[in-house]
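Comments concern the structure below.
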Amino acid sequence: MRSSATSDITREMPKKIELRDPVSAATTGRMTRTAQRDNTGERALRSALHRRGLRFRLHHRVLVESRRTADIAFPASKIAVFIDGCFWHGCPEHGTWPKNNRQWWRAKIEGNVARDRDTDRRLIDAGWTVMRVWTHEAVETAARRIETVVRRSLRQRAKTRR
């Protein structure tokens, strides 16, 4: 038998609000099959960097106080690379806004963009260089850009050690 205090609390608790699934079953299935990490584009970029002689950490937690991870990190140089999908991260060139459940998706994508900017700010404040690569960017172009920044950082680090 429940006490009257427990009964009062139970009666005052709000009912759980059921939210409608924001996407159709077909869309859910398609998104579930899309790899969030270690996808084809990410593996191609990592291979290109490795061929250039660069060694790095994968899915590396770069901020101690956060669960956020860089897709590719060069801890010694304090360079964090994020590979951003056009849809999920609101690419100004290729990002699209779904027509179904427009408000939900807008809030989701704008939240991702805000989190990206917050991560950038935190990393920069901690002395990291942040590089963002859009998935539409050519792999060799992105690899060349990353290599330039990493090698410059390594040269500067070597000079300060002398």
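Quick notes
- Restricting the range 57-71 to residues that are surrounded by fewer than 17 Cβ atoms within 10 Å (Cβ to Cβ) and not basic (K, R) leaves a set whose member that is nearest to N112 (Cα to Cα) is S66.
- Looking across the range 73-86, the residues that are closer than 19 Å to W134 by Cβ and either free of Cβ contacts under 8 Å to residues at least 60 places away in the same chain or small (G, A, S) (or both) come down to A73, A80, F82, I83, D84, G85, C86.
- Applying the set (1) more than 24 Å from T40 (Cβ to Cβ); (2) more than 11 Å from the chain's Cα centre (by Cα); (3) surrounded by 15 or more Cβ atoms within 10 Å (Cβ to Cβ); (4) at pLDDT 90 or above to F74 leaves exactly one unmet item: (1).
- Residue satisfying condition, being more than 18 Å from L54 (Cα to Cα) and surrounded by 16 or more Cβ atoms within 10 Å (Cβ to Cβ), within set T119, T129: T119
- Residue in the range 35-53 that is within 30 Å of K159 (Cα to Cα), polar (S, T, N, Q), surrounded by 15 or more Cβ atoms within 10 Å (Cβ to Cβ) and modelled with pLDDT of 95 or more present: no
- Note on the range 50-150: enclosed strands (runs of 3 or more DSSP E) holding 1 or more residues that are of a type in the set (V, I, T) and under 19 Å from D38 (Cα atoms) are 69-74, 79-84, 129-134.
The values are calculated or read from the model by the stated rules, or taken from the named source; none is laboratory data. Just so we're clear, the structure is a prediction, and the values are computed from it rather than from any experiment. We place every Cβ from the backbone using ideal geometry, glycine too, and count neighbours over all the protein chains shown.
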